[in-house]
1. Using beta carbons and a limit of 8 Å, which pairs, at least six apart or on different chains, have the first residue in segment 226-239 and more than 10 Å from Glu194 (Cα to Cα) and the second one of a type in the set (Lys, Arg) and crowded, with 24+ Cβ neighbours inside 10 Å?
2. Under 8 Å between Cβ atoms, which residue pairs at least 6 apart in sequence (or on different chains) link something in segment 123-146 that is closer than 18 Å to Leu106 by Cβ and not assigned by TED's automatic domain parsing to the domain that holds Arg58 with a partner that is in a loop (DSSP other than H, G, I, E, B) and not hydrophobic (A, V, I, L, M, F, W, C)?
3. With (1) modelled with pLDDT under 85; (2) out of contact with any Lys or Arg (no Cβ under 8 Å at 6 or more places or on another chain); (3) not hydrophobic (A, V, I, L, M, F, W, C) as the list, and Thr112 as the residue in question, which single condition is left unmet?
4. What tally of residues in segment 159-178 results from selecting those that are within 23 Å of Glu136 (Cβ to Cβ), touching a helix residue (DSSP H, G or I) at 6+ places or on another chain (Cβ under 7 Å) and surrounded by fewer than 19 Cβ atoms within 10 Å (Cβ to Cβ)?
5. Could you go through segment 51-64 and let me know if any residue there is among the small types (Gly, Ala, Ser), more than 18 Å from Asp139 (Cα to Cα) and at pLDDT below 90.
6. I'm trying to understand the selection: among the residues of segment 46-66, which are of a type in the set (Gly, Ala, Ser) and outside any helix (DSSP H, G or I)?
7. Restricting segment 230-273 to residues that are touching a helix residue (DSSP H, G or I) at 6+ places or on another chain (Cβ under 9 Å) and among the β-branched types (Val, Ile, Thr), which is farthest from Ile91 (Cα to Cα)?
8. Going residue by residue through segment 179-187, is there one that turns out to be surrounded by 15 or more Cβ atoms within 10 Å (Cβ to Cβ) and aliphatic (A, V, I, L, M)?
Amino acid sequence: MNTVIVSKAIYPLLVALVLMSAPTARSEPEPVQLAAAPNRCSAPRDAGEATRCADWARQIMDATVFLRFALRHSWEDDHREVELITSHGTILNSTTLLTHDHYDSLFDPDCTVASLEVIGVRSSLNLVAEDADDAEMLDYLVGQLRPDPAGSRYQTRLLRFAMPLFEKPTGLSFGSFTSAPSYRTLSGWGELAEVNWTKSRGNARVQWVRPLYSGIQGTTLALVAGKAVAYGASGGGVFRVTPSGIEHLGNVWGTWEDNDTSIIALNQAAVFW
């Protein structure tokens, strides 16, 4: 995988992977029945379903990136330590990634972000912004990911680049919610595709999960799904398959390992303003 150092001189030359359609705000969607029954990709019922599930997972991986921050901590004794924070994101359009608003370390006054890597899961994309080469650009990117001082409202952040980076079209779409989906709606969705990973660099994958229930946590519309994720999967996309294609529902927010569930922050219209 080739590494590109992001600087003002070469930044306009960067190109890579996926262009997605813009999201549309809407009320709660109706249940969707796919053919005879909702998809069951965790245990496909026949070879045809297995092939379809593999293709859906490929499209999702085409739209997934791995994020890695190098954080430099310093204390009074001048001891310095570098911490790596990993996350994932979904390509929203040619210049924008959608990820999770949980980077508390970025608000630490004793913490400096030394670098940010954006790695394409299924491409050779490896963009590196480093403070030694372009501190101004790195500060700009990190600033977009810092939580609001008043507190995160939607648990979602958009990371915008100055120039187009992602160009290859896909069939993925984005939707947002104005209310929590009902149990009736969730029961008609079938399994959801949730980005997880195996804790090795950039090794993201799709796991198929059953939506359990939804509700409001704070001011965030949250969905609980029936499988845990690894630390570092936060920000990865969660999708449902519809008769017209694959729709992005939200991003991985957290996990409860003790009961093997994960928490999804559903897209809300305001996050796209």
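The values are calculated or read from the model by the stated rules, or taken from the named source; none is laboratory data. Here the structure is a predicted model, which is why all the values come from computation and not from measurement. Cβ placement follows ideal geometry from the backbone for every residue including glycine, while neighbour counts extend to all protein chains displayed.
1. none
2. Val128/Thr3; Asp134/Ser7; Asp134/Lys8; Met137/Ser7; Met137/Lys8; Leu145/Asp101; Leu145/Tyr103; Arg146/Tyr103
3. (2)
4. Final tally of qualifying residues: 3.
5. Checked segment 51-64: no residue is among the small types (Gly, Ala, Ser), more than 18 Å from Asp139 (Cα to Cα) and at pLDDT below 90.
6. Residue satisfying the conditions is Ala63 alone.
7. Taking the candidates together, the pick is Val241.
8. There is at least one residue in segment 179-187 that is surrounded by 15 or more Cβ atoms within 10 Å (Cβ to Cβ) and aliphatic (A, V, I, L, M).
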